[in-house]
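Engineer: Structure in structure tokens, see below.
The values are calculated or read from the model by the stated rules, or taken from the named source; none is laboratory data. Values in this document were obtained by computation on a predicted structure and should not be read as measured data. Counting neighbours? That spans all protein chains shown, and the Cβs are built from the backbone with ideal geometry, glycine included.
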Amino acid sequence: MAVHPDDAGPFFYVLSETMRILFVDDDPILREFAVVNLATEHASVETAPDGAEALSAIAAHAPDMVLLDLEMPTMDGFEVLKALRASPKHRDLPVIVVTGREDVDAVDRAFAAGATSFVVKPLNWRLLSHQLRYVHRTAMNERQMAASRAEATGMLTKLAAEGAQFVAMAMARDPSLKGAAVSFAKAADAALKHEDVVRAA
């Protein structure tokens with residue numbers, strides 16, 4: 001039986017949801033620490049030593065979350081962020097920047113490039129685990145909301161098309177329904193435009 005964190009005593013695994021984490025850093029010791037400190041029976045951790053290998057790993061099997069260093073050989077974190085955000089498949093992939101830099105330029109550039117969050121080394125692995133859980137849950141909720149909106153839009157479009165067909169059939173029998181048909185068409189068009197605005201927000 002699962003134990004609630006409040007009753008678990010001095011230690012419990014923060015990452016209790018199933019997730020795949022990719023930790024990208026050129027420091028081999030830090031990569032080992034990431035595996036030791038973040039992997040649980042639910043969360044798996046893969047690593048990559050630079051941005052190029054990270055993009056290859058993401059392309060092969062996209063993780064649920066990326067922890068990304070900024071300063072690396074071959075391809076740095078800024079380039080990785082740029083590549084991910086330019087890809088329709090990975091533009092919403094949560095990326096937490098993990099770096100020794102905390103200057104204003106690094107922070108601003110990282111978020112401008114598409115970082116989801118930002119943490120500074122040396123790492124507090126416990127706090128990082130909590131942040132991972134929060135970012136993962138937020139991303140899951142956003143995906144569910146997007147799917148619900150897409151389903152609602154599809155239903156609305158289908159309803160509008162079927163309604164237009166019904167009105168056309170009714171007008172063929174009674175031309176006096178033209179005014180009602182025009183009103184229906186305007187209402188359906190307004191509803192679809194409103195849904196487009198909501199999706200774009």
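Engineer: Does Val120 fit the bill of being closer than 23 Å to Arg137 by Cβ, out of contact with any Leu (no Cβ under 9 Å at 6 or more places or on another chain) and not charged (D, E, K, R)?
Structural biologist: It is true that Val120 is closer than 23 Å to Arg137 by Cβ, out of contact with any Leu (no Cβ under 9 Å at 6 or more places or on another chain) and not charged (D, E, K, R).
Engineer: Same structure, new question: State yes or no: is Ala48 in the same structural domain as Ala112 (by TED's automatic domain parsing), farther than 19 Å from His136 by Cα and exposed (fewer than 14 other Cβ atoms within 10 Å of the Cβ)?
Structural biologist: no
Engineer: For a quick check of your reading: which helices (runs of 4 or more DSSP H) sit entirely within the range 14-108 and have at least 1 residues that are touching a residue at least 12 places away in the same chain (Cβ under 8 Å) and over 19 Å from the mean Cα position of the chain (by Cα)?
Structural biologist: Correct list: 28-38, 51-60.
Engineer: Right, here's the next one. Residues being in a helix (DSSP H, G or I) and closer than 18 Å to Ala62 by Cα: count how many of those fall in the range 109-140.
Structural biologist: Going through the range 109-140 one residue at a time, the tally reaches 8.
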